[in-house]
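First up is the structure itself, then whatever we jot down about it.
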Amino acid sequence: MKTRNKGWNEIKTNDSWAIFKIMGEFVSGYEKLSRIGPCVSIFGSARTKQDDKYYKLSAEIATSIVKAGYGVITGGGPGIMEAGNKGAHLAGGTSVGLNIELPFEQHNNPYIDSDKSIDFDYFFVRKVINTPHMSQ
């Protein structure tokens with residue numbers, strides 16, 4: 001089967017419409033997070049194993065965050081992110097995962113609250129959404 005080459009106009013039109021998908025992802029993400037309440041973000045490697053001292057420390061810190069009255073937000077994947085969600089979940093607190101599908105790597109960890117797993121198509125949107133913002 002022969003594929004046809006897209007013309008310049010078709011390429012630029014597709015690029016122009018992508019901005020609306022990106023904008024929609026920002027709006028949807030912020031709306032969902034606005035209903036969750038105050039949380040602390042935990043960033044970390046997806047490759048940290050469960051027996052690593054930093055995995056265990058991250059789970060302990062997440063538990064302390066919950067006991068202080070906050071929820072925990074992570075990137076939703078394995079490793080340090082899983083440890084953060086695990087500590088929050090086991091302490092009975094809010095456990096949020098901002099997920100993006102990455103081939104052969106990222107998958108949702110099992111400690112995210114079922115109604116607080118938020119999926120993203122764009123990595124940079126997920127990073128901006130997970131950056132602390134101050135309300136005035």
ask   = With respect to GLY75, is the statement that it is small (Gly, Ala, Ser) and within 19 Å of GLU31 (Cβ to Cβ) true?
value = no
query = Being closer than 23 Å to LYS49 by Cα and part of a helix (DSSP H, G or I), is that true of even one residue in region 89-111?
reply = yes
key: Given (1) modelled with pLDDT of 95 or more; (2) under 20 Å from VAL128 (Cβ atoms); (3) of a type in the set (D, E, K, R), index of the condition ASP51 fails   = (2)
key: Residue that is nearest to the chain's Cα centre (by Cα), among those in region 75-100 that are surrounded by fewer than 24 Cβ atoms within 10 Å (Cβ to Cβ) and either in contact (Cβ under 8 Å) with a residue 60 or more places away in the chain or more than 17 Å from ARG47 (Cα to Cα) (or both)   = THR94
query = Does region 53-76 include one or more residues that are in a loop (DSSP other than H, G, I, E, B) and charged (D, E, K, R)?
reply = no
request  = Those residues that are over 14 Å from the mean Cα position of the chain (by Cα) and within 14 Å of PHE43 (Cβ to Cβ), I need them from region 64-74; list them, please.
outcome  = ILE65
query = In region 42-60, what count of residues is obtained for those that are surrounded by 17 or more Cβ atoms within 10 Å (Cβ to Cβ) and within 20 Å of THR94 (Cβ to Cβ)?
reply = 4
task = Could you check, for region 2-23, whether at least one of its residues is in a loop (DSSP other than H, G, I, E, B) and either modelled with pLDDT of 90 or more or surrounded by 12 or more Cβ atoms within 10 Å (Cβ to Cβ) (or both)?
result = no
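The values are calculated or read from the model by the stated rules, or taken from the named source; none is laboratory data. Just so you know, these numbers come straight off a predicted model, no measurement behind them. Backbone-built Cβ (ideal geometry, glycine too); neighbour counts: all protein chains shown.
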